[in-house]
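Below is one structure, written out as structure tokens, with a few remarks after it.
The values are calculated or read from the model by the stated rules, or taken from the named source; none is laboratory data. Because the structure is predicted, anything quoted here is derived from the model rather than measured. Neighbour counts are summed over all protein chains in view; Cβ atoms, including those assigned to glycine, are modelled from backbone coordinates with ideal geometry.
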């Protein structure tokens, strides 16, 4: 399965390269309400593959900005919250590692009633010469026209420091 990126005005659309009707606008029921996206799993899986490929490459990391919305995106990184593409990219660019590699061990995708997709990722990341560390990251992909943007992004290293709370 090939992943393609469709550039839109303020974000990128990430889709699995599948024939119609897999890539389609969110469906609407008889009462005009958004319906569950039947392709939530394929879209979520393709998104995760593309997101970490962009993030792990220093030459393309700046392209992550296109996945977020200027005002409607939120990031919580290790408990620190920020809103909007500029603040999110400021945080990502402030991370001190020289190299990073994400190794995804599980992806769980759930459809949302507004046509969005909730994506839960677990895995390990390795930065520079450090030992690998487990992480958990959750995304809410919000539909916008015929594509999606990251509305919510929550990242945590999985560190079990019981005495801290």
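Looking at 141, 125, can you tell me which residue is surrounded by 12 or more Cβ atoms within 10 Å (Cβ to Cβ), within 17 Å of residue 50 (Cβ to Cβ) and out of contact with any helix residue (DSSP H, G or I) (no Cβ under 8 Å at 6 or more places or on another chain)? Step by step, each of 141, 125 is checked, and only 125 is surrounded by 12 or more Cβ atoms within 10 Å (Cβ to Cβ), within 17 Å of residue 50 (Cβ to Cβ) and out of contact with any helix residue (DSSP H, G or I) (no Cβ under 8 Å at 6 or more places or on another chain).
Out of region 47-71, which residues are in a loop (DSSP other than H, G, I, E, B) and either surrounded by fewer than 17 Cβ atoms within 10 Å (Cβ to Cβ) or touching a helix residue (DSSP H, G or I) at 6+ places or on another chain (Cβ under 6 Å) (or both)? Residues satisfying the conditions are 57, 58, 59, 60, 70, 71. Just one of the listed residues (150, 117) is under 18 Å from residue 80 (Cβ atoms) and in contact with a helix residue (DSSP H, G or I) (Cβ under 8 Å, 6 or more places away or on another chain), namely 150. Residues that are more than 16 Å from residue 139 (Cβ to Cβ), crowded, with 17+ Cβ neighbours inside 10 Å and modelled with pLDDT of 95 or more do occur in region 99-116, at least one of them. Scan region 73-90 for residues that are surrounded by 17 or more Cβ atoms within 10 Å (Cβ to Cβ) and outside any strand (DSSP E or B) and report the count. Total satisfying the criteria: 4.
Table: residues versus (1) closer than 22 Å to residue 45 by Cβ; (2) more than 14 Å from the chain's Cα centre (by Cα).
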| residue | (1), (2) |
| --- | --- |
| 77 | no, no |
| 97 | no, yes |
| 104 | yes, no |
| 124 | yes, yes |
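Considering only region 94-123, state which residues are outside any strand (DSSP E or B) and more than 23 Å from residue 57 (Cβ to Cβ). Scanning region 94-123 gives 112, 113, 114, 115, 116.
Annotation: residue 154 fulfils all but one of (1) in contact with a strand residue (DSSP E or B) (Cβ under 7 Å, 6 or more places away or on another chain); (2) buried (at least 17 other Cβ atoms within 10 Å of the Cβ); (3) in contact (Cβ under 8 Å) with a residue 60 or more places away in the chain; (4) within 14 Å of residue 44 (Cα to Cα); the unmet one is (4).
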